[in-house]
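Report on the structure given below.
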Amino acid sequence: MKILFIRGGALGDFIVTLPTLHLLRQRWPDARIEVLGHPRLAEIALQRYYLNAIRSVNHGPLSAFFTPRAVLDPAWMDYIGSFDLVLSYFYDPDGLFLVNLQRCKPGRILTHSPRVPEEFGRPAARHFAGMVEPLGLALADDAASDLFPSPEDAAAARAFLTGLKPGTRLVAIHPGSGGETKNWPVESWAELGRRLTRAAPDLALLLVEGEADAEPAQFILETWK
(Lines give C-alpha, C1' and ligand atoms only; values in the text may rest on other atoms or scores of the structure.)
Protein backbone atom coordinates (compact mmCIF):
# COMPACT_ATOMS: atom_id res chain seq x y z
CA MET A 1 0.00 0.00 0.00
CA LYS A 2 1.39 3.40 -1.04
CA ILE A 3 -0.22 6.58 0.26
CA LEU A 4 0.56 10.17 -0.78
CA PHE A 5 -0.45 12.86 1.71
CA ILE A 6 -0.53 16.36 0.15
CA ARG A 7 -0.38 19.14 2.72
CA GLY A 8 0.60 22.81 2.47
CA GLY A 9 0.33 25.48 5.14
CA ALA A 10 2.47 26.26 8.16
CA LEU A 11 3.73 24.11 11.02
CA GLY A 12 0.50 24.29 13.02
CA ASP A 13 -1.50 23.20 9.98
CA PHE A 14 0.69 20.14 9.63
CA ILE A 15 0.56 19.27 13.33
CA VAL A 16 -3.24 19.25 13.47
CA THR A 17 -3.33 16.77 10.60
CA LEU A 18 -1.09 14.29 12.44
CA PRO A 19 -4.17 12.55 13.94
CA THR A 20 -5.32 11.86 10.37
CA LEU A 21 -1.93 10.37 9.53
CA HIS A 22 -2.19 8.32 12.71
CA LEU A 23 -5.48 6.82 11.52
CA LEU A 24 -3.87 5.86 8.21
CA ARG A 25 -0.86 4.32 9.94
CA GLN A 26 -3.11 2.35 12.28
CA ARG A 27 -5.17 1.05 9.37
CA TRP A 28 -2.15 0.20 7.20
CA PRO A 29 0.84 -0.25 9.55
CA ASP A 30 3.12 -1.49 6.76
CA ALA A 31 2.11 1.11 4.18
CA ARG A 32 4.62 3.44 2.57
CA ILE A 33 3.32 6.91 3.40
CA GLU A 34 4.88 9.95 1.77
CA VAL A 35 4.04 13.62 2.10
CA LEU A 36 4.09 16.26 -0.60
CA GLY A 37 4.61 19.48 1.32
CA HIS A 38 7.27 21.57 3.06
CA PRO A 39 10.22 19.38 4.16
CA ARG A 40 11.23 21.63 7.07
CA LEU A 41 7.76 21.21 8.59
CA ALA A 42 7.05 17.60 7.75
CA GLU A 43 10.41 16.55 9.19
CA ILE A 44 8.77 16.20 12.62
CA ALA A 45 6.98 13.13 11.23
CA LEU A 46 9.70 11.69 8.97
CA GLN A 47 10.90 8.28 10.16
CA ARG A 48 9.02 9.11 13.35
CA TYR A 49 6.13 6.63 12.98
CA TYR A 50 4.11 8.59 10.42
CA LEU A 51 6.13 9.14 7.23
CA ASN A 52 8.56 7.19 5.11
CA ALA A 53 9.55 10.06 2.81
CA ILE A 54 8.99 13.75 2.03
CA ARG A 55 8.84 15.42 -1.37
CA SER A 56 8.99 19.20 -1.61
CA VAL A 57 6.01 21.05 -2.98
CA ASN A 58 8.33 23.88 -4.06
CA HIS A 59 9.25 22.30 -7.37
CA GLY A 60 8.74 24.22 -10.61
CA PRO A 61 7.08 21.53 -12.76
CA LEU A 62 4.43 20.98 -10.10
CA SER A 63 2.95 24.42 -10.86
CA ALA A 64 1.48 22.99 -14.06
CA PHE A 65 -0.96 20.99 -11.93
CA PHE A 66 -2.80 24.25 -11.22
CA THR A 67 -3.17 25.11 -14.91
CA PRO A 68 -6.03 23.98 -17.19
CA ARG A 69 -5.07 21.60 -19.99
CA ALA A 70 -1.44 21.82 -18.94
CA VAL A 71 1.37 19.64 -20.23
CA LEU A 72 2.27 17.76 -17.07
CA ASP A 73 5.78 16.66 -16.27
CA PRO A 74 6.02 12.90 -17.03
CA ALA A 75 8.13 12.25 -13.94
CA TRP A 76 5.49 13.86 -11.72
CA MET A 77 2.75 11.91 -13.47
CA ASP A 78 4.60 8.64 -12.90
CA TYR A 79 5.26 9.55 -9.27
CA ILE A 80 1.65 10.41 -8.40
CA GLY A 81 0.34 7.52 -10.47
CA SER A 82 2.39 5.06 -8.41
CA PHE A 83 0.22 5.59 -5.31
CA ASP A 84 -2.77 3.51 -4.30
CA LEU A 85 -4.28 6.41 -2.37
CA VAL A 86 -3.76 10.18 -2.70
CA LEU A 87 -5.15 12.56 -0.08
CA SER A 88 -4.98 16.29 -0.81
CA TYR A 89 -5.61 19.31 1.40
CA PHE A 90 -4.46 21.76 -1.27
CA TYR A 91 -6.57 24.86 -1.79
CA ASP A 92 -8.21 24.14 -5.15
CA PRO A 93 -11.30 26.34 -5.62
CA ASP A 94 -11.48 25.73 -9.39
CA GLY A 95 -10.83 21.99 -9.16
CA LEU A 96 -7.84 22.26 -11.52
CA PHE A 97 -5.44 20.46 -9.22
CA LEU A 98 -7.88 17.58 -8.76
CA VAL A 99 -8.40 17.22 -12.52
CA ASN A 100 -4.66 17.02 -13.09
CA LEU A 101 -4.22 14.55 -10.24
CA GLN A 102 -6.82 12.36 -11.93
CA ARG A 103 -4.82 12.50 -15.16
CA CYS A 104 -2.00 10.74 -13.29
CA LYS A 105 -4.32 7.78 -12.57
CA PRO A 106 -3.47 6.85 -8.99
CA GLY A 107 -5.61 4.21 -7.31
CA ARG A 108 -7.94 6.60 -5.45
CA ILE A 109 -8.05 10.33 -4.71
CA LEU A 110 -9.65 12.05 -1.72
CA THR A 111 -9.73 15.82 -1.19
CA HIS A 112 -10.69 17.96 1.78
CA SER A 113 -10.86 21.66 2.56
CA PRO A 114 -7.63 23.08 4.04
CA ARG A 115 -9.67 25.64 5.97
CA VAL A 116 -11.59 25.00 9.17
CA PRO A 117 -15.08 26.56 8.93
CA GLU A 118 -15.57 29.44 11.35
CA GLU A 119 -18.67 27.80 12.79
CA PHE A 120 -16.97 24.40 13.26
CA GLY A 121 -16.61 24.82 17.04
CA ARG A 122 -14.47 21.73 17.61
CA PRO A 123 -10.73 20.97 17.51
CA ALA A 124 -9.25 21.57 14.05
CA ALA A 125 -7.93 17.99 14.03
CA ARG A 126 -11.51 16.73 13.77
CA HIS A 127 -12.15 18.83 10.68
CA PHE A 128 -9.05 17.50 8.93
CA ALA A 129 -9.84 13.91 9.94
CA GLY A 130 -12.99 14.25 7.84
CA MET A 131 -10.71 13.47 4.90
CA VAL A 132 -10.58 9.76 5.79
CA GLU A 133 -14.20 9.21 6.76
CA PRO A 134 -14.92 7.69 3.29
CA LEU A 135 -12.33 5.05 4.24
CA GLY A 136 -14.29 4.16 7.38
CA LEU A 137 -11.76 5.87 9.65
CA ALA A 138 -12.66 8.31 12.43
CA LEU A 139 -11.05 9.87 15.48
CA ALA A 140 -11.99 8.55 18.90
CA ASP A 141 -12.50 10.85 21.89
CA ASP A 142 -8.87 11.98 21.88
CA ALA A 143 -7.97 14.32 19.02
CA ALA A 144 -4.45 15.07 20.27
CA SER A 145 -1.48 15.26 17.90
CA ASP A 146 1.11 12.77 19.13
CA LEU A 147 4.80 13.17 18.35
CA PHE A 148 7.28 10.29 18.31
CA PRO A 149 10.77 11.67 19.00
CA SER A 150 13.75 9.87 17.51
CA PRO A 151 16.77 8.96 19.68
CA GLU A 152 18.50 12.05 18.24
CA ASP A 153 15.51 14.20 19.24
CA ALA A 154 15.65 12.83 22.77
CA ALA A 155 19.38 13.54 23.03
CA ALA A 156 18.84 17.11 21.84
CA ALA A 157 16.05 17.55 24.39
CA ARG A 158 18.25 16.30 27.22
CA ALA A 159 20.96 18.78 26.22
CA PHE A 160 18.40 21.61 26.03
CA LEU A 161 17.06 20.81 29.49
CA THR A 162 20.49 20.75 31.14
CA GLY A 163 20.35 22.86 34.28
CA LEU A 164 16.78 22.12 35.31
CA LYS A 165 16.50 20.47 38.68
CA PRO A 166 15.52 16.78 38.57
CA GLY A 167 11.76 16.35 38.83
CA THR A 168 11.00 19.73 37.28
CA ARG A 169 7.85 19.73 35.19
CA LEU A 170 8.14 21.80 32.03
CA VAL A 171 5.18 23.55 30.38
CA ALA A 172 5.76 25.07 26.94
CA ILE A 173 3.60 28.04 25.96
CA HIS A 174 3.37 29.38 22.42
CA PRO A 175 1.20 32.52 22.57
CA GLY A 176 1.04 33.36 18.87
CA SER A 177 0.07 32.08 15.45
CA GLY A 178 0.10 33.16 11.84
CA GLY A 179 -3.19 35.02 12.28
CA GLU A 180 -3.88 37.66 14.91
CA THR A 181 -7.59 36.84 15.04
CA LYS A 182 -6.81 33.27 16.15
CA ASN A 183 -4.74 34.31 19.15
CA TRP A 184 -5.82 34.13 22.77
CA PRO A 185 -5.33 37.54 24.50
CA VAL A 186 -1.73 37.98 25.62
CA GLU A 187 -2.94 39.02 29.07
CA SER A 188 -4.61 35.62 29.44
CA TRP A 189 -1.38 33.81 28.60
CA ALA A 190 0.47 35.90 31.17
CA GLU A 191 -2.13 35.15 33.84
CA LEU A 192 -2.09 31.43 32.98
CA GLY A 193 1.67 31.34 33.57
CA ARG A 194 1.29 33.07 36.93
CA ARG A 195 -1.41 30.64 38.04
CA LEU A 196 0.57 27.59 36.94
CA THR A 197 3.69 28.59 38.83
CA ARG A 198 1.70 29.43 41.95
CA ALA A 199 -0.06 26.07 41.85
CA ALA A 200 3.06 23.99 41.17
CA PRO A 201 6.38 25.17 42.64
CA ASP A 202 8.25 22.41 40.77
CA LEU A 203 7.09 23.73 37.41
CA ALA A 204 9.14 25.67 34.85
CA LEU A 205 7.73 27.64 31.92
CA LEU A 206 9.18 27.57 28.42
CA LEU A 207 8.08 30.46 26.20
CA VAL A 208 8.12 29.58 22.49
CA GLU A 209 8.36 32.60 20.20
CA GLY A 210 7.51 32.52 16.49
CA GLU A 211 8.39 35.04 13.81
CA ALA A 212 5.34 37.22 14.51
CA ASP A 213 5.40 36.90 18.29
CA ALA A 214 8.09 39.36 19.44
CA GLU A 215 5.68 41.86 21.00
CA PRO A 216 3.43 39.42 22.91
CA ALA A 217 6.46 37.39 23.99
CA GLN A 218 8.12 40.49 25.45
CA PHE A 219 4.93 41.41 27.31
CA ILE A 220 4.71 37.91 28.80
CA LEU A 221 8.37 37.86 29.82
CA GLU A 222 8.06 41.21 31.58
CA THR A 223 4.89 40.03 33.35
CA TRP A 224 6.50 36.77 34.47
CA LYS A 225 9.48 38.53 36.07
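The values are calculated or read from the model by the stated rules, or taken from the named source; none is laboratory data. The structure displayed is predicted, hence computed values, not measured ones. Note that we place each Cβ from the backbone using ideal geometry, even for glycine, and neighbour counts take in every protein chain shown. Quick note on the areas: whole protein, heavy atoms, side chains included, nothing else; ligands and nucleic acids left out. Shrake-Rupley method; radii C 1.70, N 1.55, O 1.52, S 1.80 Å.
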Looking at (1) modelled with pLDDT of 95 or more; (2) touching an Asp or Glu at 6+ places or on another chain (Cβ under 7 Å), can you tell me which one P61 breaks?
(1)
Does L139 count as of a type in the set (A, V, I, L, M), within 30 Å of I3 (Cβ to Cβ) and touching a Ser or Thr at 6+ places or on another chain (Cβ under 9 Å)?
yes
Consider S82 carefully, then state whether it is hydroxyl-bearing (S, T, Y) and at pLDDT below 95.
no
Could you tell me which residue of segment 18-61 is least open to solvent (accessible area, probe 1.4 Å), considering only residues that are more than 20 Å from V132 (Cβ to Cβ) and of a type in the set (S, T, N, Q)?
S56
In segment 124-147, which residue that is open to solvent by 80 Å² or more (accessible area, probe 1.4 Å) and either of a type in the set (S, T, Y) or in a loop (DSSP other than H, G, I, E, B) (or both) is nearest to L205 (Cα to Cα)?
L147
Top-ranked residue in segment 114-136 [being modelled with pLDDT of 95 or more and either of a type in the set (S, T, Y) or more than 19 Å from the chain's Cα centre (by Cα) (or both); ranked as farthest from W76 (Cα to Cα)]
G136
Does segment 78-93 contain any residue that is closer than 19 Å to H38 by Cα and of a type in the set (D, E)?
yes
Select from segment 161-190 the residues that are closer than 18 Å to A124 by Cβ and either touching a residue at least 40 places away in the same chain (Cβ under 8 Å) or open to solvent by less than 80 Å² (accessible area, probe 1.4 Å) (or both) and list them in ascending order.
P175, G176, S177, G178, G179, N183
Would you check which residues across segment 1-17 are buried (at least 20 other Cβ atoms within 10 Å of the Cβ) and in a helix (DSSP H, G or I) and list them?
D13, F14
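With free of Cβ contacts under 8 Å to residues at least 40 places away in the same chain, open to solvent by 80 Å² or more (accessible area, probe 1.4 Å) and closer than 23 Å to L46 by Cα as the only criterion, which of E209, E152 stands out?
E152
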